[in-house]
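Notes to accompany the following structure.
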Amino acid sequence: MPNLEHPAYPAADLLHLESLVPCRESQVSTLLSIFGERQQFSFPSVFIYGHTSSGKTYVMQTLLTTLQLPHVFVNCVEYFTSRLLLEEILIQLQSCSSGTEQTSPVHCDTLNDFVRLFKQAVANRELQDQTLYIVLDRAEQLREMEANILPAFLRLQELTDRNVTVILLSEVVWELFRPNIGCFEPFTMYFPDFYAAYINILLGVFYMVCRDLKELRHLAALNFAKYCEPVVRGEANERDTRKLWKNIEPHLKKAMQTVYLREISSSQWERLQHDGGEPGQLKGLSAHTHVELPYYSKFLLIAAYLASYNPVRTDKRFFLKHHGKIRKTNFMKKHEKTSNHLLGPKPFPLDRLLAILYSIVDNRVAPTANIFSQITSLVTLQLLSMVGQNDQLDGPRYKCTVSLDFIRAIARTVNFDIIKYLYDFL
Amino acid sequence: MKWPLEPVRLMFVLKSVWGFFAVFQGCFVFKPTTKKRRLSEKKAHDFRSTSDDSEDTELRFVTCQSLWNQVKSETQRIQEDLNKQLLENLVSFLSRSHSDFQEKTTEWTCRMKFREIPTAALVLGVNVTDHDLTFRGLSDVLQDNITPYVALLEAKDCPGIKNLMQKLMGQLMNCDIDVDSLEDENCVQVSQNKIRCSMSSLTSWYESVTKKTDSETPSKKRNSSSRHWQSPPVVVIFKDMESFTTKVLQDFIVISSQHIHELPLVLIFGIATSPMIIHRLLPHSVSSLLCIELFQSLSCKEHLSTIIDKLLLTSRFPFKLGEKVLQVLINIFLYHDFSVQNFIKGFQLCIVEHFYSQPLSVLCCQLADIKKRAYSLSHEQCENIRRLPSFRRYVEKQESGKQVALLTNDCFLKEETEKLLEDLHVYHENYVSILRCLHVFTSSLPKYPLGKQIRELHCACLENRVWETKEYESSLQLARMLNKTDLVTMLQQCVEILMSSSGKEFDKAAEKLKEFLTQFQNLEVAEASQERDVSVSSQKELQKKTDLYHLQKTLLELKESRRSKKLTKFEMLRFEVVDYIDSLVRKYLVPADDRTLHEIVYFNTTTVLRGHLNAAPRTALHTALNNPHWYLKNQALKCDGGGISNKAPDICIVYKLHLECGRLINLVDWLEAFSTVVTAAEEPNADAASSDQVDDTIHARFIRAVSELELLGFIKPSKQKTDHVARLTWGGC
């Protein structure tokens, strides 16, 4: 006795469908009851949301194809402007109605055109008696388009006066969609997360950090060969979970540190497994933090870091020879008591950067074009970033975007003790 | 000090200033007499100062050109060699990446894995200017071996995903049109705007293209289908990963991962800093769509070392760099840009400048040509030789009869010149070999007193007599403490260097070193037996005496005996070896400045080079405005002692006046001062009438000059006080 029951569809199809959507039977049955029979008008718009990989796209696709309901499936990220989106819907509509017939190029700039062309397209097809489903995947992108797109899709049934249902799929809740001026409220439906218990071991390691089913599937696929190894060698049987666990656990932990973070690629990981080597031999992406820079670029970066994290008033104390003895506690303003490193980098003008540069470099630096172009290079390398460049006559302002560890490594290569010059570490 | 302009804008401003000062001497980037223009015009008389050709300008020009062409092809060859390994790795990665796509595997694990887009993270170093060459080489290699579909994307062309798609599709579809010859009718050349810029149209394009190659096997296609597979991957290269906005990259990756099954895409990220940038730019949800492998190119310092080794430390090219010039080029590299391309450009500039400014550079040619050229020298050129400082020093050392002959007889001089130049050539050959030998020693000493790289040693030897320096002294001392195995391997290396060198004088030296080697071997045999005896006997003694007192005593004795012991045979030999190397150094590593006629082949004019390569825009701008005579060369503008001439351009007068002001400048006072200066000389006695009323023309001129200053970024309008402007530069704060 199948869980899914519907008079409109043959039982065999439903049975097949049920086998394809494990753990989503209840959602599918709800959907089926909303859809009703083929020719019945359905709810104008349905909004389905749920966490990443909760099966929204998959369930919709399987449902529509298995039951052979007429539908259009569009990903809103891929068709990133309203024109592309609307045209794509029309093209799909044409191609599935006219079969092999050559499709003429569609031009559709506005929603008005769309409604008109849509009516034509539907009229051309022999489906006046069937509900047409338009599925918009990643529907949160619709908010980025013109303001009328989303409300119009929600009441497309009414606008076109055709038997059509729009289904929106998203990872975001409906409340974040609702426009200020209000709109037709769709039927909302939630796909809960999978709480799967299969491959307990894998989940034991990865479930803490990753709820992404695609990713978990990927990891499961990657590590399965290793898991089977003792069985293949004949050292254990399939039921010997403890032994298998012992064998796989360190391996999985390593995988979490490397392949899960994409430190090394999955094909490199497979090769490692194959050769039985240690992942230690292969350095991950993060291991290559060292950046070689020209001599003055290093000092420019150090100067920029100092300018970003030291208050302006302290420059005198750090860079003048006879600054007198000023205690930190005395001349600190109240708000400066919090660590500047917790507040993040502050913008500074170009001349302050140069002034600090001149005082930290031992020999005289001429302000040549080479120095200026190095600043620009540092900006393109994203080691510095430029702040607010609306007024060209005002000196440009920069921020230093590198981390303390990075700058310490750089300073060490030029024998510069940067900690001594940082206000936070005084 | 204040500088209000960001560098890019600065260049722009400078250009406008240059336009203003029509005659500009050139203190920035390359002066307009660089190679390219000259090559394109194919005129030798650029070198010529006067109409007659007594200084061989034509020949100099031709020599310069051929030399540069040699150097250029050599550098290209070197760079290709250096990149070879990297490119091979990349090619094998690419051919691996979609192999399963080819086989159309349907196994579950494979399908899982190949949801990921294969990605190569290519770390190239911060010298962004050099990357272009690498990418060009890469795309050539890819198109030859892997796939015709290669797209190169730059961040500046792709501010949004739409532009990126447009660019990508444009490049891919055009490349296909290029491969199919244009007469192909069914390949309609669709203009970019008409194609729908979406991934699905790209996919369908790919399908149609590959299908066509499948069906269409005859003649035309056979060639390419044998090189490429049936469905070659589509390679997208992001040249400057750091500059792309996160949004664009993320969107592109998400979109293309949707289509990875129909479109075998491979991404290549060009990274200048570190691969960490991938994690910074892409969130995990996006980076999990990639299958990233890391490739690292040769570090630019090693690249430079190879270039110096192959271009400068060789006797292939007659032209040499002097110590100071080399130092300038190396400093620019190490301190400023890390760009090998710029180093080579600088080298090119040296060549051009040398052949341009030194009339005798006509003799800077291959050994075979020297004789012919020396004999065809004109009288002026002979006089030029006589004027060379090194030649004069040489003449002074000769006996009086020869002195007269050298100074009066052109023919004799020519013979002598030829001989001297040949000597110089031999000197250089020997120099390089001995330098390499010395480097073998110095590069393994602790703390590298003479530098780790051969270029540092080269500079030290060119600068002055290296054996007189402190560093050399300490290196010798350290060398005297080397252990045997190291010393033997070094000697072996030296023998190899000397044997392979083209200099003929080294047969004896090599023999000598080989002799040392055999002596070391003999020592080894002798010492081994001796030492065994000693150790056995002393151990026996130790075993005999068991109480603490005696033990201490014997140990002390042993130590004492070791200290006072005479030098062992090995130590003697070591001293001999070091002394011999020292003698070689003293003989062959004489600085080039001491050699006669070194001016002909060594380029040593640093001021010119600095002027061209180390541009100082601030200084130039200040000079131009403060002392217009410097650039305009107009006698009327010459003023002494900081006074303001009223003949100077208005902007200069305004500029000079504003230098005397504080942070805020009163416009009325400024105008009055301006009008005083301008009218001062014109009508010295008419001041009474028009003192309080400024002439309209002068007023207009003033306003124009002030707005020019504002355009240049020296002042800006201020809201703090009415009728005041704020000063932005040089002591304005």
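I'd like the full set of residues that are in a loop (DSSP other than H, G, I, E, B), farther than 20 Å from B:A615 by Cβ and at the interface with chain B (Cβ under 9 Å from one of its Cβ atoms), limited to the stretch A:348-367. Give the derivation first.
Within the stretch A:348-367, the first condition is being in a loop (DSSP other than H, G, I, E, B), and the residues that meet it are A:361-367.
Then keep just the ones that are farther than 20 Å from B:A615 by Cβ; that gives A:362.
Within the stretch A:348-367, no residue meets the criteria.
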Would you mind stating whether B:E422 is within 35 Å of the chain's Cα centre (by Cα), surrounded by 15 or more Cβ atoms within 10 Å (Cβ to Cβ) and not hydroxyl-bearing (S, T, Y)?
-> no
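Keeping to the stretch B:594-619, report how many residues are over 19 Å from the mean Cα position of the chain (by Cα) and modelled with pLDDT of 85 or more. Full working, then the answer.
Restricting attention to the stretch B:594-619, the residues satisfying the condition of being over 19 Å from the mean Cα position of the chain (by Cα) are B:594-602, B:616-619.
Next cut, modelled with pLDDT of 85 or more only: B:594-602.
Residues flagged as over 19 Å from the mean Cα position of the chain (by Cα) and modelled with pLDDT of 85 or more within the stretch B:594-619 amount to 9.
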Residues within the stretch B:242-286 that are among the polar types (S, T, N, Q) and either surrounded by 21 or more Cβ atoms within 10 Å (Cβ to Cβ) or farther than 16 Å from B:L153 by Cβ (or both), tallied = 6
Any residue in the stretch B:635-655 that is of a type in the set (D, E, K, R), more than 26 Å from A:A366 (Cα to Cα) and under 41 Å from the mean Cα position of the chain (by Cα)?
-> yes
Pick from the stretch B:454-502, criterion in contact with a helix residue (DSSP H, G or I) (Cβ under 6 Å, 6 or more places away or on another chain) and basic (K, R), ranking: farthest from B:E524 (Cα to Cα) = B:R455
Helices (runs of 4 or more DSSP H) fully within the stretch B:546-636 counting 2 or more residues that are in contact (Cβ under 8 Å) with a residue 24 or more places away in the chain | B:569-588, B:598-601, B:606-613, B:617-626, B:629-632
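Residue-wise test of (1) within 23 Å of B:K721 (Cβ to Cβ); (2) modelled with pLDDT of 80 or more; (3) surrounded by fewer than 16 Cβ atoms within 10 Å (Cβ to Cβ).
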site	(1), (2), (3)
B:L659	yes, yes, no
B:S675	yes, yes, no
B:E683	no, no, yes
B:S691	no, no, yes
B:V694	yes, no, no
B:I703	yes, yes, yes
B:S707	yes, yes, yes
Looking only at the stretch B:231-273, count how many residues are among the hydrophobic types (A, V, I, L, M, F, W, C) and in contact with a His (Cβ under 9 Å, 6 or more places away or on another chain).
-> 3
Which residues, counting only those in the stretch B:211-241, are surrounded by 15 or more Cβ atoms within 10 Å (Cβ to Cβ) and at pLDDT 65 or above?
-> B:K212, B:S231, B:P232, B:P233, B:V234, B:V235, B:V236, B:I237, B:F238, B:K239, B:D240, B:M241
Filter the helices (runs of 4 or more DSSP H) completely within the stretch B:381-497 down to those with at least 3 residues that are among the aliphatic types (A, V, I, L, M).
-> B:400-408, B:410-442, B:454-463, B:470-479
Wholly within the stretch B:265-364, helices (runs of 4 or more DSSP H) carrying at least 2 residues that are among the aliphatic types (A, V, I, L, M), in contact with a Gly (Cβ under 9 Å, 6 or more places away or on another chain) and within 14 Å of chain A (Cβ to nearest Cβ) = B:323-331
Filtered residues of the stretch A:139-174 (kept if outside any helix (DSSP H, G or I), within 26 Å of the chain's Cα centre (by Cα) and surrounded by 19 or more Cβ atoms within 10 Å (Cβ to Cβ)) = A:V166, A:I167, A:L168, A:L169, A:S170
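Quickly run through the stretch A:368-381 and pick out the residues that are polar (S, T, N, Q) and either under 16 Å from B:N127 (Cβ atoms) or in a helix (DSSP H, G or I) (or both).
A:N370, A:S373, A:Q374, A:T376, A:S377, A:T380, listed by residue number.
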Matching option when the condition is in contact with a strand residue (DSSP E or B) (Cβ under 8 Å, 6 or more places away or on another chain), at pLDDT below 85 and not basic (K, R), among A:S26, A:S54, A:S45, A:S19 = A:S54
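The values are calculated or read from the model by the stated rules, or taken from the named source; none is laboratory data. Everything quoted here is computed from the prediction, not taken from an experiment. Note that we place each Cβ from the backbone using ideal geometry, even for glycine, and neighbour counts take in every protein chain shown.
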